[in-house]
Amino acid sequence: MKAFGNIHPSVLMMYFLSVMLVSMFASNPIIQAEALFGGALFCLCIQKRGTALRDAGFYISLFLMVAVTNPLFSHNGKTPLFFLNGNPVTLEALLCGVSIAVMVIGVLLWCKCYSEIMTSDKFLYLFGRIIPKLSLVLSMALRFIPAYIRQSRRVSRAQKAMGLYSGKSISDRVRNRMRVLTAMISWSLENAMDVSASMKARGYGQKKRTDFSIFRFQRSDCALFAVCIVLLSVPLVGMAAGVTDFTYYPGISRIETSPAAVAVYAAFGALSVLPSVLEAKEAIIWKYYVSKI
Amino acid sequence: MEILRVEDLSFRYPKAEKPALSHIDFTVESGEFIVLCGPSGCGKTTLLRLLKKEVAPFGEKTGSIFFEGAPQESLTCAGEMGFVQQNPESQIVTDKVWHELAFGLENLGVPTDVIRRRVGEMASFFGIENWFRQKTDELSGGQKQLLNLASVMVMQPKLLILDEPTGQLDPIAASDFIATLQKLNRELGLTILLAEHRLEEVFPIADRIIMMEDGGILLNGEPRSIGPGLSKLDAAHHMSCALPSAVRIWQGLDIGGTCPLTVKEGREFLKRNYSGQTVTLPEPEYLHEEATVEMKNVWFRYERDLPDIMRGVSVKVYRGEIFSILGGNGAGKTTALCVVAGLLKAYRGKILINGKQVKDYKGNTLYRRCLAFLPQDPQTVFALDTVRADLSEMTEMMEIDKSEREKRLDEISARLGISHLLDRHPYDLSGGEQQKCALAKVLLSEPEILLLDEPTKGLDAYAKQNLRDTLRELKATGVTVLTVTHDVEFAAETADRCALFFDGEFISADTPRKFFAENNFYTTAANRMARELWKNAVTCEQVVECCKSVGGAK
């Protein structure tokens with residue numbers, strides 16, 4: 001995850017938002033399939049093999065569940081396949097379920113990619129521009145939470161080793177939790193004193209702060225931004241003009257194959273595989289460098 | 001050129017009977033490396049905090065402080081004077097290393113281009129490049145403290161004030177930190193004012209030592225003059241125990257000559273004055289009772305995919321002995337202790353406490369009149385608002401009469417000398433006091449076996465002596481003590497047997513004399529100085545005794 005992760009956070013944010021929104025609101029199966037394919041491909045690029053395999057199981061079962069649920073509850077459509085408890089299970093509803101499942105899993109995969117790529121510091125950087133105070137507070141919170149968890153584990157262990165309310169009964173457990181909590185409140189206050197001394201010692205609150213970050217908007221970010229805008233505008237215009245409209249009820253509409261629709265499919269397809277292509281390119285360039293050495 | 005002048009400074013905390021500082025006078029020249037030492041509670045921290053006006057405590061202050069000739073009050077830039085505190089953990093403000101480095105400069109409103117340059121410069125000076133983009137939470141204690149130092153240094157201070165910065169670090173991280181300070185002083189000409197307990201390493205590199213006692217300055221002079229100065233005040237001054245081993249041996253022998261500071265000088269000093277062949281002192285055979293803690297082929301790992309921390313550990317700890325486990329950082333010493341305490345489960349092997357397997361102790365029976373564990377951070381032991389409440393909660397668990405409870409509580413507080421602390425909040429106590437109170441709390445369960453994790457961390461020499469005496473008293477009452485420690489000197493003085501934990505095993509377990517005499521590097525400073533004369537003299541007292549027994553100087 002070198003190539004795509006190094007892109008400027010603002011471009012990344014725009015990219016993820018546009019892919020997810022388009023795939024959520026375009027009910028067209030081609031676009032949904034493209035989003036799913038792009039998301040899955042990119043997930044494979046940035047994840048370890050083992051976890052990808054484990055995740056696949058989860059996604060497939062989720063897929064089946066969503067796809068099957070829809071026809072059980074929705075009885076619209078004109079082609080009944082069979083009857084269940086006197087209710088028709090229709091082909092249209094089944095296909096609509098599949099489409100929803102594809103969309104949901106596509107968006108989930110993209111969310112997963114988002115959380116891998118858009119780390120907290122990138123998020124903070126973007127929102128720190130808007131509200132600088134908030135970004136500092138968030139950064140401090142992210143610092144505090146793991147420290148708090150670690151300390152509360154230590155306290156809990158120390159209390160257990162003294163044999164205080166460490167039995168297995170519910171009352172013991174509740175009391176133990178309460179004790180750890182009160183101890184942690186004292187600890188938090190104590191910790192806050194040190195942090196505030198450390199902040200004051202480094203001049204906090206004396207002047208108007210500047211906001212430093214390690215991210216810089218480079219020319220490649222600019223180029224990518226332009227590409228994204230172009231690739232995004234095609235499906236947006238297409239969707240607004242109704243080129244890719246698709247309905248399941250009462251009958252399944254035909255998949256649009258007009259030149260305009262094909263252009264939309266192509267543009268969105270390109271957009272959704274863009275990160276994987278960038279990763280692949282980086283990998284190939286790297287191999288090439290290594291071979292030259 | 002003088003950079004800091006303190007004139008007749010006195011300070012009293014609100015509602016305190018005694019002043020924390022009285023009539024302090026000293027100056028600091030630009031480029032000096034000054035070490036401030038003294039037992040905890042002598043006013044070092046108060047003094048250092050008063051110098052840095054942003055963190056100055058509230059109270060009655062008289063006298064004046066001048067920074068670069070101007071009164072402290074007129075100082076406007078917080079960056080001029082850097083301040084580093086003891087706890088590496090709680091000083092870090094933000095979640096990423098790069099952000100932490102930039103934090104001070106952001107506060108001063110420095111433009112981002114300048115921040116980028118200065119942060120880059122400092123990160124490479126301190127060797128932070130490799131973890132520059134990491135989360136601050138993932139760093140080791142040593143790295144955290146180095147980050148705290150670096151994030152003060154980016155502000156380009158003229159004077160750096162450090163309040164026991166190595167107190168919470170292991171010896172190797174502490175040496176690294178001290179070496180970095182020395183580099184800053186030598187290469188950048190930075191003026192440093194350092195409060196420190198561990199004098200062995202800072203004594204030789206300091207330009208001047210200021211020794212404090214009870215809120216006043218006891219001695220102020222070159223490192224070499226401190227030993228003689230203290231001897232002149234009182235031949236057996238109680239602060240002597242904090243001095244480096246070379247100085248203590250020189251003081252103990254009392255035969256004049258220049259006072260040595262380092263191991264090398266100490267070795268030459270001994271050679272000059274005493275000569276002869278290397279003698280191995282006779283070592284009586286170690287007598288012991290039956291085993292109380294026994295590990296048989298114990299294996300442990302945290303998770304299935306992680307490497308083994310304990311690989312077939314077998315060891316016996318006998319009744320009534322003090323057993324010290326030494327070993328490097330991250331070797332798994334603490335883990336081993338937690339496995340004995342039943343807090344972690346070994347996946348193979350047996351752990352026998354008084355001949356019964358740990359897992360066979362049902363409910364709380366293991367922690368009642370049997371085994372007690374004092375963790376590294378004594379704060380984790382307290383859960384209530386006063387020390388008394390915390391202690392009485394423990395007595396209530398012991399299923400004894402009400403009158404008996406009170407008696408036990410008073411008895412133990414008297415024994416550990418904490419009676420005057422009972423009504424205070426545990427967090428308001430100093431590190432040494434917290435530890436004593438925590439020890440009192442775990443001792444109330446009347447353990448036969450006491451497990452201690454790094455008991456000397458953050459303690460001054462005086463508190464260490466106290467702890468040693470306490471452990472010996474416990475031993476005399478038949479308690480078995482198992483400690484894990486980095487502190488070689490403490491182990492040598494206190495333990496009946498020492499063992500090295502390395503690569504998941506106890507490599508050797510022997511009496512301190514045999515254990516340390518066999519080691520070349522991993523041994524006490526006193527032993528390194530004297531080993532060519534007395535191979536197995538391990539502590540300063542032993543060396544002095546041996547020298548004296550040979551009879552006078554050559």
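The values are calculated or read from the model by the stated rules, or taken from the named source; none is laboratory data. Given the structure is predicted, the values throughout are model-derived calculations rather than measurements. Glycine gets a Cβ as well: all are built from the backbone with ideal geometry, and neighbour counts include every protein chain shown.
A few points about this structure:
- Positions within the stretch B:176-211 being over 21 Å from residue B:461 (Cβ atoms) and either part of a loop (DSSP other than H, G, I, E, B) or under 15 Å from the mean Cα position of the chain (by Cα) (or both), in sequence order: B:189, B:190, B:207
- The listed residues are B:369, B:348, B:388, B:319, and the only one of them that is in contact with a helix residue (DSSP H, G or I) (Cβ under 9 Å, 6 or more places away or on another chain) and among the basic types (Lys, Arg) turns out to be B:388.
- Scanning the stretch B:238-272 for residues that are assigned to a loop (DSSP other than H, G, I, E, B), within 23 Å of the chain's Cα centre (by Cα) and surrounded by fewer than 20 Cβ atoms within 10 Å (Cβ to Cβ) yields one hit, B:262.
- Qualifying residue in the stretch B:252-268 (condition: of a type in the set (Gly, Ala, Ser) and over 21 Å from residue B:536 (Cβ atoms)): yes
- Residue, farthest from residue A:39 (Cα to Cα), within the stretch A:70-110, restricted to residues that are β-branched (Val, Ile, Thr) and at pLDDT 90 or above: A:98
- Scan the stretch A:170-197 for residues that are more than 7 Å from every other protein chain (Cβ to nearest Cβ) and within 17 Å of residue B:56 (Cα to Cα) and the total you get is 3.
- Answer residue from the stretch B:15-44, given it is modelled with pLDDT under 90 and closer than 23 Å to residue A:198 by Cα and is surrounded by the most Cβ atoms within 10 Å (Cβ to Cβ) among those: B:42
- Under the condition of being part of a loop (DSSP other than H, G, I, E, B), under 30 Å from residue B:550 (Cα atoms) and either without any contact (Cβ under 8 Å) to a residue 60 or more places away in the chain or of a type outside the set (Ser, Thr, Tyr) (or both), the residues counted in the stretch B:273-316 number 8.
- Residue that is surrounded by the fewest Cβ atoms within 10 Å (Cβ to Cβ), among those in the stretch B:409-438 that are away from chain A (no Cβ under 12 Å) and under 10 Å from residue B:381 (Cα atoms): B:437
- Among (1) surrounded by 20 or more Cβ atoms within 10 Å (Cβ to Cβ); (2) among the charged types (D, E, K, R); (3) farther than 27 Å from residue B:169 by Cα, the one test that residue B:333 misses: (3)
- Pick from the stretch A:146-164, criterion of a type in the set (A, V, I, L, M, F, W, C) and facing chain B (nearest Cβ under 9 Å), ranking: surrounded by the fewest Cβ atoms within 10 Å (Cβ to Cβ): A:147
- All positions within the stretch B:133-145 that are surrounded by fewer than 21 Cβ atoms within 10 Å (Cβ to Cβ), within 12 Å of another protein chain (Cβ to nearest Cβ) and in contact (Cβ under 8 Å) with a residue 12 or more places away in the chain: B:133, B:134, B:135, B:137, B:139
- Residues in the stretch B:190-235 that are out of contact with any Cys (no Cβ under 9 Å at 6 or more places or on another chain), among the basic types (Lys, Arg) and in contact (Cβ under 8 Å) with a residue 12 or more places away in the chain: 2 in all.
- Residue in the stretch B:60-77 that is in a helix (DSSP H, G or I), modelled with pLDDT under 90 and either touching a helix residue (DSSP H, G or I) at 6+ places or on another chain (Cβ under 8 Å) or at the interface with another protein chain (Cβ under 10 Å from one of its Cβ atoms) (or both) present: yes
Let's see how each residue does on (1) under 28 Å from the mean Cα position of the chain (by Cα); (2) on the phi > 0 side of the Ramachandran plot; (3) among the aliphatic types (A, V, I, L, M):
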site: A:161; (1), (2), (3): no, no, yes
site: A:170; (1), (2), (3): no, no, yes
site: A:184; (1), (2), (3): no, no, yes
site: A:230; (1), (2), (3): yes, no, yes
site: A:246; (1), (2), (3): yes, no, no
site: A:254; (1), (2), (3): no, no, no
site: A:258; (1), (2), (3): no, no, no
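- Matching residues, the stretch A:29-50, being surrounded by fewer than 20 Cβ atoms within 10 Å (Cβ to Cβ) and either among the polar types (S, T, N, Q) or within 11 Å of residue A:265 (Cβ to Cβ) (or both): A:29, A:30, A:33, A:47
- Residues in the stretch B:388-396 include at least one that is within 14 Å of chain A (Cβ to nearest Cβ) and polar (S, T, N, Q).
- Residue tally, condition within 13 Å of chain B (Cβ to nearest Cβ) and in a helix (DSSP H, G or I), over the stretch A:198-249: 4
- Exclusive hit being away from chain A (no Cβ under 11 Å) and either in contact with a strand residue (DSSP E or B) (Cβ under 8 Å, 6 or more places away or on another chain) or in a helix (DSSP H, G or I) (or both), set B:148, B:130: B:130
- Some residue of the stretch B:370-385 being surrounded by fewer than 17 Cβ atoms within 10 Å (Cβ to Cβ) and under 30 Å from residue B:421 (Cα atoms): yes
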